[in-house]
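Structure first, commentary second.
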Amino acid sequence: MFDSSTHWGQDGVRLFSQDQLDHELLQSLSAQRIAALTHLPTGIPDVSGGVLEIPAGSSGVSHDAAPDEFLYMVTRGRICLRWGQQLEYSGTAGPGEGIRVPPWVRHAESNGSDSEILERLRMVTGR
């Protein structure tokens, strides 16, 4: 519902530039973070995200999403995702496609190509 007490022209839309990105987020062994956002420039308390490049042939470590929800959007390459207690389910997504991982779901991602870089946006809620 629209809240008329909020002045959307000043308070609703936020633009943020590269100098507001979080350059201190840790890098992982299997992914190079190109850009990262926390709640600070966005104003959304429980959302963080970033653009990551995953080298050809790389795979991530299996982990639980805990109370966090993940959204992956592929911009280049192909992501392979396995999920379930024994990682018994799998799916892939290519450029312009995405994958949502609900809270508490064990999952592992990998680059679906041995020759092409995977670039994807990852948004996380609950942090």
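The values are calculated or read from the model by the stated rules, or taken from the named source; none is laboratory data. Only a predicted model underlies this, so the values are computations on that prediction, with no experimental measurement involved. Cβ placement follows ideal geometry from the backbone for every residue including glycine, while neighbour counts extend to all protein chains displayed.
Just need a number here: residues in region 67-79 that are part of a loop (DSSP other than H, G, I, E, B) and either of a type in the set (D, E, K, R) or loosely packed, with under 12 Cβ neighbours inside 10 Å (or both). Full working, then the answer.
Step one: of region 67-79, the residues part of a loop (DSSP other than H, G, I, E, B) are 67-68, 77-78.
Subset that is either of a type in the set (D, E, K, R) or loosely packed, with under 12 Cβ neighbours inside 10 Å (or both): 67-68, 78.
The qualifying residues number 3.
Among all residue pairs at least 6 apart or on different chains, which show Cβ distances below 8 Å where the first residue, located in region 87-106, is surrounded by 13 or more Cβ atoms within 10 Å (Cβ to Cβ) and hydroxyl-bearing (Ser, Thr, Tyr) and the second is in a loop (DSSP other than H, G, I, E, B) and at pLDDT 90 or above?
THR92/ARG78
Is it true that ARG82 is closer than 15 Å to GLY126 by Cβ and either at pLDDT 75 or above or in a strand (DSSP E or B) (or both)?
On the way: closer than 15 Å to GLY126 by Cβ: no; either at pLDDT 75 or above or in a strand (DSSP E or B) (or both): yes.
So ARG82 fails the test.
Considering region 48-66 alone, what residues qualify as being part of a loop (DSSP other than H, G, I, E, B) and among the hydroxyl-bearing types (Ser, Thr, Tyr)?
Pass one, region 48-66, residues part of a loop (DSSP other than H, G, I, E, B): 55-58, 60-62, 65-66.
Within region 48-66, SER58, SER62 meet the criteria.
Scanning region 105-127 for residues that are of a type in the set (A, V, I, L, M, F, W, C) and out of contact with any Asp or Glu (no Cβ under 6 Å at 6 or more places or on another chain), which turns out nearest to ASP64 (Cα to Cα)?
Step by step, filter region 105-127, then rank; the result is VAL105.
Say we look at region 91-106 and pick out the residues that are outside any strand (DSSP E or B) and of a type outside the set (Gly, Ala, Ser); which of these is farthest from VAL47 (Cα to Cα)? Break it down stepwise before answering.
Step one: filter region 91-106 for residues outside any strand (DSSP E or B), giving 94-97, 102-105.
Next, from what is left, pick out any that are of a type outside the set (Gly, Ala, Ser): 95, 97, 102-105.
Working: PRO95: 23, GLU97: 20, PRO102: 14, PRO103: 14, TRP104: 17, VAL105: 18 Å.
The residue in question is PRO95.
Within region 111-125, work out how many residues are within 16 Å of the chain's Cα centre (by Cα) and within 11 Å of ALA93 (Cα to Cα).
The number of residues fulfilling the criteria is 3.
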